[in-house]
Amino acid sequence: MTKHAQEYINVYIAALLILSLIDAQRRFLNMLGKNEVPMYCQFVGICVHLILCNVFVSYMEMGMLGVGLASIISNLVIFVSLLIYSS
């Protein structure tokens, strides 16, 4: 059990960095009155995360490493979509 948690945390650290960037961008858009944009981007990111978790864990049998990688990729999708909208 501890091995799985350690594996997940090591990978998820990168996702936390991206999550802090998402939060900054979300706050910026909220200040501009664009509250619905971060919500839509988050919804897309959640859908991507569910699909990637299924692919990485079930088909590629990556275990907790796959869940961490899915978090990184879904956070990147959210961040990039917020940046595209902001620009």
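Observations
- Residues of the stretch 5-49 that are among the charged types (D, E, K, R) and closer than 24 Å to VAL67 by Cβ: GLU7, ASP23, ARG26.
- Candidate set: the stretch 5-46, residues that are surrounded by 15 or more Cβ atoms within 10 Å (Cβ to Cβ) and among the aromatic types (Phe, Trp, Tyr); chosen: the one modelled with the highest pLDDT: TYR12
- Which listed residue, of ALA70, ALA15, ALA5, is more than 15 Å from the chain's Cα centre (by Cα) and not aromatic (Phe, Trp, Tyr): ALA5
- Test: residue in the stretch 59-71 that is touching a His at 6+ places or on another chain (Cβ under 6 Å) and within 30 Å of ALA5 (Cα to Cα): yes
- Residue in the stretch 63-86 that is outside any helix (DSSP H, G or I), loosely packed, with under 13 Cβ neighbours inside 10 Å and of a type outside the set (Val, Ile, Thr) present: no
- Matching residues in the stretch 10-51 - criterion: being farther than 17 Å from SER81 by Cβ and without any contact (Cβ under 8 Å) to a residue 24 or more places away in the chain: ILE13, LEU16, LEU17, MET31, GLY33
- Qualifying residue in the stretch 48-60 (condition: open to solvent by 80 Å² or more (accessible area, probe 1.4 Å), in a helix (DSSP H, G or I) and at pLDDT 95 or above): yes
- Listed by first and then second residue, the pairs with beta-carbon distance under 7 Å, at least 6 apart or on different chains, first residue in the stretch 53-77 and touching a residue at least 40 places away in the same chain (Cβ under 8 Å) and within 17 Å of LEU21 (Cβ to Cβ), second open to solvent by 50 Å² or more (accessible area, probe 1.4 Å) and hydrophobic (A, V, I, L, M, F, W, C), are ASN75/LEU19.
The values are calculated or read from the model by the stated rules, or taken from the named source; none is laboratory data. What you see is a predicted model, and the numbers here were worked out from it, not measured in a lab. For neighbour counting, all protein chains shown are included, and Cβ atoms are generated from backbone atoms with ideal geometry for every residue, glycine included. To get the accessible areas, we keep the full protein, side chains included, count just its heavy atoms, and leave off ligands, DNA and RNA. Shrake-Rupley method; radii C 1.70, N 1.55, O 1.52, S 1.80 Å.
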